[in-house]
Amino acid sequence: MTRVLPVSPAAPARPDIDTASSLSFDRLPLAPATLANLQQLGYLQMTPIQAASLPLALAGRDLIAQAKTGSGKTAAFALCLLAKLNPRRFAVQALVLCPTRELADQVTQEIRRLARGADNIKVLTLCGGSTMRPQISSLEHGAHVVVGTPGRIMDHLQRESLDLSALDTLVLDEADRMLDMGFFDDIVTVAKACPTKRQTLLFSATYPEGIATLARQFLRQPEQIALLEQHEGSKIRQRFYEVTNDQRLAAVPLLLKHYRPVSTLAFCNTRQQCRDLLQVLRAEGFVALALHGELEQRERDQVLIQFANRSCSVLVATDVAARGLDIDQLEAVINVDITPDSEVHIHRIGRTGRVDQVGWALSLVSSNQKGRVANIVKTLGAEIEWHSLSELPESGDADKPLMPPMVTLLILGGRKEKIRPGDVLGALTGEAGFSKEQIGKINVTDTSTYVAVERSIAKDALRKLSAGTIKGKKVKVHLLKDQG
Ligand code: ADP
Ligand code: MG
């Protein structure tokens, strides 16, 4: 049975008592410590997908739940699997499959935050791109919850380093993406390695045919929930620009100068178009990076870190390369070439306008692509706005170059050198004398540390970090440039 739930566009700013009580986490059978933790996290009300799925999931039902990106699906399954967990039992009781390492890391973090109210619960991430040994030894030390990508989970099952015999919850997160990436067989294999008596929760942003096939294979009388909420105009503002193919690439800098978004994700349909656009943007002085399939994991991390810490204005990507990308603050998405697939379009633009922010979704459409827009209109069921490039004024602010607010400094040294974010922040705000507000995100990887600092203090910060010490040692520091 499918429950299709219409969702009112925006949650009321001041919920009346009725709404407040029906969306309150209190009405769920959750432990008081969990409820207190949710309060602390600022999760005051359930999101629509949580309200629709949690009562069923907590009652032990299998679920197929569909809701757009950013709607709070992680907590919807995490609260369920955590509620069933027995912390005193040192065995893997829940497994979450995710399409990419980045998503698996995010899910792990969210589960850990949600588990804070409970006893010592160990959550372990198992993904490719990291060596097996440490993963195996972590497994030997015992984990309650495992989050990982299908390929790596399969590797562990083959080596018998992962035992799923005590599992009672299996989650397939972003199932549509996993299918796109060709994980169907791997998912089936992993599911077969789980006990048949278990709860299976499938979450997805879209509902392609493959999902039903997957569900028929190993979900038990699932309840199907579809939140057919489209991206409401109030948060994602869509504009369609008619262009000729010759104008297409040059239109991107025009839009950027006009709308002046701090962070923009620009979607191209081909890798060649990505390369061409990157060239155009750099020639106009933008700080832009490209995400493409040929990057090594370390390079990909570096690109994502610079984009997420706001030291890169534009990230140019194909749909494939952007898979699994989740950025909290994204002021604009530009569809350099509008996609023929309206589901893909909705997925692309859903990355902007997240929780209480407004985002621009700007699409460039040539006259032979107008059919694609008609398709999108049908799926969205909404009126759309056509605009023309000639409306974009060429003077005023549009003359000023658009620079990212931050700059990334690369410190040679990371976790292996026992560097922690606090050490770097300390070095910059201590002797170096900068204020906390001038320092942005700090990412520590195994061998490197990336710190975002305000553009205006970049040189000064570089000099002071190079002259000073971190953890009592001198460090090598570079300014990360945008040659990608
Ligand atoms: P999805 O998996 O549907 O794309 P996420 O689970 O990543 O979405 O959630 C998106 C954001 O919303 C996260 O930053 C999360 O912490 C936040 N969030 C989730 N549930 C709530 C809630 N009930 N109240 C406030 N914020 C929430
Ligand atoms: Mg998710």
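The values are calculated or read from the model by the stated rules, or taken from the named source; none is laboratory data. Model, not experiment: these values are computed from the prediction. All Cβ positions, glycine included, derive from the backbone under ideal geometry; neighbour counts span all protein chains shown. Heads up: the accessible areas ignore ligands, DNA and RNA and are worked out on the full protein's heavy atoms, side chains in. Shrake-Rupley method; radii C 1.70, N 1.55, O 1.52, S 1.80 Å.
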Got at least one residue in segment 135-150 being closer than 24 Å to Gly182 by Cα, among the charged types (D, E, K, R), part of a helix (DSSP H, G or I) and open to solvent by 10 Å² or more (accessible area, probe 1.4 Å)?
no
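Among what's in segment 251-282 and is charged (D, E, K, R) and part of a helix (DSSP H, G or I), pick the residue that is surrounded by the fewest Cβ atoms within 10 Å (Cβ to Cβ).
Step one: list which residues in segment 251-282 are charged (D, E, K, R), which gives 257, 260, 271, 275-276, 282.
The next check asks that each one be part of a helix (DSSP H, G or I); those that pass are 257, 271, 275-276, 282.
On the way: Lys257: 20, Arg271: 16, Arg275: 14, Asp276: 16, Arg282: 16.
Within segment 251-282, the match that is surrounded by the fewest Cβ atoms within 10 Å (Cβ to Cβ) is Arg275.
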Strands (runs of 3 or more DSSP E) contained in segment 384-454 and holding at least 2 residues open to solvent by less than 40 Å² (accessible area, probe 1.4 Å)
406-412, 439-444, 448-454
Residue in segment 107-134 that is farthest from ligand 1 (Cβ to nearest atom), counting only those that are open to solvent by 10 Å² or more (accessible area, probe 1.4 Å) and polar (S, T, N, Q)
Thr131
Within segment 70-101, considering residues that are within 12 Å of ligand 1 (Cβ to nearest atom) and either open to solvent by 30 Å² or more (accessible area, probe 1.4 Å) or part of a strand (DSSP E or B) (or both), the one farthest from Cys194 (Cα to Cα):
Gly70
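Here's the yes/no breakdown for (1) within 16 Å of ligand 2 (Cβ to nearest atom); (2) charged (D, E, K, R); (3) in the same structural domain as Val453 (by TED's automatic domain parsing):
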{"residue": "Asn309", "(1), (2), (3)": "no, no, no"}
{"residue": "Val314", "(1), (2), (3)": "no, no, no"}
{"residue": "Arg323", "(1), (2), (3)": "yes, yes, no"}
{"residue": "Ile327", "(1), (2), (3)": "yes, no, no"}
{"residue": "Glu331", "(1), (2), (3)": "no, yes, no"}
{"residue": "Asn335", "(1), (2), (3)": "no, no, no"}
Hey, Asp62 hits all of (1) away from ligand 1 (no atom under 12 Å from the Cβ); (2) over 13 Å from Leu202 (Cβ atoms) but one; which does it fall short on?
(2)
Every residue from segment 181-213 that is open to solvent by 10 Å² or more (accessible area, probe 1.4 Å) and within 16 Å of ligand 1 (Cβ to nearest atom)
Ala205, Thr206, Tyr207
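Please count how many residues of segment 354-367 are over 21 Å from Gln247 (Cα atoms) and more than 16 Å from ligand 2 (Cβ to nearest atom). Full working, then the answer.
Initial filter on segment 354-367 (over 21 Å from Gln247 (Cα atoms)): 354-359.
Pick out the ones that are also more than 16 Å from ligand 2 (Cβ to nearest atom) and you get 356-359.
Residues that pass the stated criteria total 4.
Could we say that Ala104 is within 16 Å of ligand 2 (Cβ to nearest atom) and either open to solvent by less than 40 Å² (accessible area, probe 1.4 Å) or within 20 Å of Leu227 (Cβ to Cβ) (or both) here? Give the derivation first.
Details: within 16 Å of ligand 2 (Cβ to nearest atom): yes; either open to solvent by less than 40 Å² (accessible area, probe 1.4 Å) or within 20 Å of Leu227 (Cβ to Cβ) (or both): yes.
Considered against the rule, which asks whether it is within 16 Å of ligand 2 (Cβ to nearest atom) and either open to solvent by less than 40 Å² (accessible area, probe 1.4 Å) or within 20 Å of Leu227 (Cβ to Cβ) (or both), Ala104 comes out as yes.
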Counting only residues in segment 157-179 that are part of a helix (DSSP H, G or I) and of a type in the set (A, V, I, L, M, F, W, C), the one farthest from ligand 1 (Cβ to nearest atom) is identified as Leu157
Quick one: what pairs do we get from segment 210-221, first residue polar (S, T, N, Q), second modelled with pLDDT under 90 and not in a loop (DSSP other than H, G, I, E, B), C-beta under 9 Å, 6+ apart or different chains?
none
